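Note sheet for the following structure.
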Amino acid sequence: MAKDLSTQLWHGIKRKEIPWYPTINAEKCIGCELCYVSCGREVFEYNETTHKATVERNYNCMVGCSTCSTVCPTEAITFPGRDLIWKFEKEYKIFKEVRREGKEKREKKKILEERTKAEAALAKLTTRIKFELAGQFGEKGLPKILREMIAARPFDVVNFQMQVPTMKGADEGAPCYSSFEIVSTEQKDISEFASEVRNLIKEKGIVLVSETKL
């Protein structure tokens with residue numbers, strides 16, 4: 001269903017107070033549908049019976065736009081003169097409103113640019129890493145040491161898993177598999193903390209199977 005844009009304001013002026021919209025000369029119209037397809041504001045409809053374009057939502061037209069007239073191959077579409085718009089610009093003194101809108105647009109653009117920069121900077125940070133290990137963990141106290149390392153620091157260990165072939169096998173020193181993720185609780189880079197974890201793994205003689213940034 002086509003949108004009704006006639007209630008919108010044009011720089012503070014009610015749209016219906018500005019008689020800017022296209023008029024079609026039906027005799028010149030060849031039904032090419034270029035205006036119907038090109039208009040993004042759904043001003044036109046195409047009549048399947050007459051094979052002609054019609055103006056159905058005239059106040060949907062953007063004030064000052066005349067693209068449909070420009071592209072019409074038979075010059076069947078006309079608009080009021082540009083002096084109509086100039087008259088409203090002077091009469092309603094719209095430039096105070098235009099400057100306000102311009103300032104608002106620049107502020108929104110600046111916020112968007114800053115957000116984009118912040119997101120790009122955040123994307124470069126390493127805030128989550130998954131480690132997969134193989135070795136003997138129980139007797140080397142890996143879980144306990146990890147808890148001590150994150151205590152009172154802006155890091156956490158999540159999704160910690162440990163798999164053993166059998167309980168007896170683990171007691172006898174059979175290698176086990178473990179995986180866990182280290183994360184920043186403040187969305188900050190964890191590269192230095194990751195180095196500490198790697199050093200711990202190396203010191204304990206545990207095999208680092210893989211390390212994946214998430």
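The values are calculated or read from the model by the stated rules, or taken from the named source; none is laboratory data. Just so we're clear, the structure is a prediction, and the values are computed from it rather than from any experiment. Cβ atoms come from the backbone with ideal geometry, glycine included; neighbour counts cover every protein chain shown. Ligands, DNA and RNA are stripped out before the accessible areas are found, and what is left, the full protein with its side chains, is counted by its heavy atoms. Shrake-Rupley method; radii C 1.70, N 1.55, O 1.52, S 1.80 Å.
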*Calculated [θ] (222 nm, deg cm²/dmol) that DSSP helices of n ≥ 4 give over the chain, each run adding -39,500 (n - 2.57)*: -10500 deg cm²/dmol
*How large are Rg and Dmax for the range 1-101 when only the alpha carbon atoms are used, in Å?*
14.7, 47
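Can you give the relative contact order of the chain as a percent, counting alpha carbon pairs under 8 Å and 6+ residues apart? All intermediate terms of the calculation are to be shown ahead of the outcome.
Numbers: 282 pairs, mean separation 38.7, N = 214.
It comes to 18 percent, rounded to a whole number.
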*³J(HN,Hα) across the range 30-43 via Karplus (A = 6.51, B = -1.76, C = 1.60, θ = phi - 60°), whole Hz, x for Gly/Pro?*
9, x, 6, 6, 4, 5, 4, 7, 6, 6, x, 10, 6, 6
*Cysteines without a disulfide-compatible neighbour (Cβ-Cβ under 4.7 Å), the chain*: CYS29, CYS32, CYS39, CYS61, CYS65, CYS72, CYS176
*Just read off the accessible area of GLU132 with the full protein assembly in place, 1.4 Å probe, to the nearest 10 Å².*
50 Å²
*Please identify the helices of the chain, taking whole runs of DSSP H, that span at least 15 Å along their own axis as judged from the Cα atoms and have a mean Kyte-Doolittle score of -1.0 or higher.*
191-203
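Take the Cα atoms of the range 88-133, build their convex hull, and give its volume per residue in Å³. Walk me through the numbers before you get to the answer.
Values: hull volume 2.8 nm³, N = 46.
Taking only Cα atoms, the range 88-133 has a hull volume of 60 Å³ per residue.
What's the FRET efficiency of GLU75 with LYS117 using the Cβ-Cβ distance as r and R₀ = 35 Å, to the nearest 0.05?
Details: r = 48 Å, r/R0 = 1.38.
E(calc), rounded to 0.05, equals 0.15.
Please pull out the direction-averaged projected area of the chain, using the convex hull of its alpha-carbon atoms, in nm² to one decimal place. Before the final figure, lay out each step's value.
On the way: hull surface 88.5 nm².
Averaged projected hull area, Cα only: 22.1 nm².
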*Spin-label point model (7 Å from Cα, Cβ direction): what's the ARG106 to SER6 distance in nm?*
3.7 nm
